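Here is the structure we will look at, set down as structure tokens.
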Amino acid sequence: MNKFVAEFRFKYRPQFLAIRDFGHRITGNDKLIEEIYLISSSLLYYSDYARLVEHNMEKSEALRKAQDKFDESCSYKCETGYAWVSSGYNEYAARRAKNKKKVEEGRKLLKKFNLTMIKSREEERQLFNQLYRYRG
């Protein structure tokens with residue numbers, strides 16, 4: 001039975017994701033999910049900018065730690081010793097209230113470091129391309 005369910009989920013995964021995304025659009029959670037992604041990207045971009053352009057490793061490290069804390073990311077080695085497992089905050093599985101709280105936390109974090117948030121994925125792509133072109 002478990003094999004059947006696994007095959008069913010794999011076969012109809014795009015439909016399940018479409019239903020999930022539709023539910024997020026109805027509740028307004030999709031905007032919060034996008035904002036969480038952009039806050040995380042902003043922290044990552046400014047960390048890389050501080051390291052590559054400003055050559056300020058302390059600021060870069062502080063921003064990287066803040067981004068890890070915001071994403072609630074952690075990695076640990078499996079019992080087998082062959083693979084690393086990464087886990088973190090899953091905004092798709094969280095309720096709207098928790099995502100809203102997370103967005104407020106991210107805005108405070110950006111304000112603490114006196115940074116502006118990246119506005120869209122297109123702007124994010126352009127900034128990262130420009131940064132890595134500078135790196136050469």
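The values are calculated or read from the model by the stated rules, or taken from the named source; none is laboratory data. Worth saying up front: this structure is predicted, and the values here are computed from it rather than measured. Virtual Cβ from ideal backbone geometry, glycine too; neighbours counted across all protein chains shown. Calculation scope for accessible area: heavy atoms of the full protein, side chains included, ligands and nucleic acids excluded. Shrake-Rupley method; radii C 1.70, N 1.55, O 1.52, S 1.80 Å.
R64 contributes an accessible area of around 80 Å² to the protein surface, as traced by a 1.4 Å probe with all chains present. These residues, H55, H24, go from largest to smallest accessible area, 1.4 Å probe, as H55, H24. When GluC sites (Glu not before Pro) are flagged only if DSSP places them in a loop and at most 14 other Cβ atoms lie within 10 Å, the longest unflagged stretch of the chain comes out as 80-136.
Could you tell me what percent of the accessible area of the chain is made up of carbon and sulfur, with a 1.4 Å probe and every protein chain present? Of the solvent-accessible surface of the chain, carbon and sulfur hold 54 percent.
Rolling a 1.4 Å probe over the protein chains gives K11 an accessible area of about 140 Å².
Restriction of the chymotrypsin sites (Phe, Trp or Tyr not before Pro) in the stretch 1-32 to DSSP coil positions whose beta-carbon has at most 14 other beta-carbons within 10 angstrom yields Y12. For the stretch 1-126, the Kirkwood estimate of hydrodynamic radius, built from reciprocal distances between every pair of different alpha carbons, is 16.8 Å.
Sorting I36, I26 by accessible area puts them as I26, I36; the probe is 1.4 Å, largest comes first, and only protein heavy atoms count. In this structure, the residue pairs whose Cα-Cα separation is over 27 Å, taken from K31/K111; K65/K98; K59/K108; K3/K98; K59/K98; K69/K98, are K3/K98; K59/K98.
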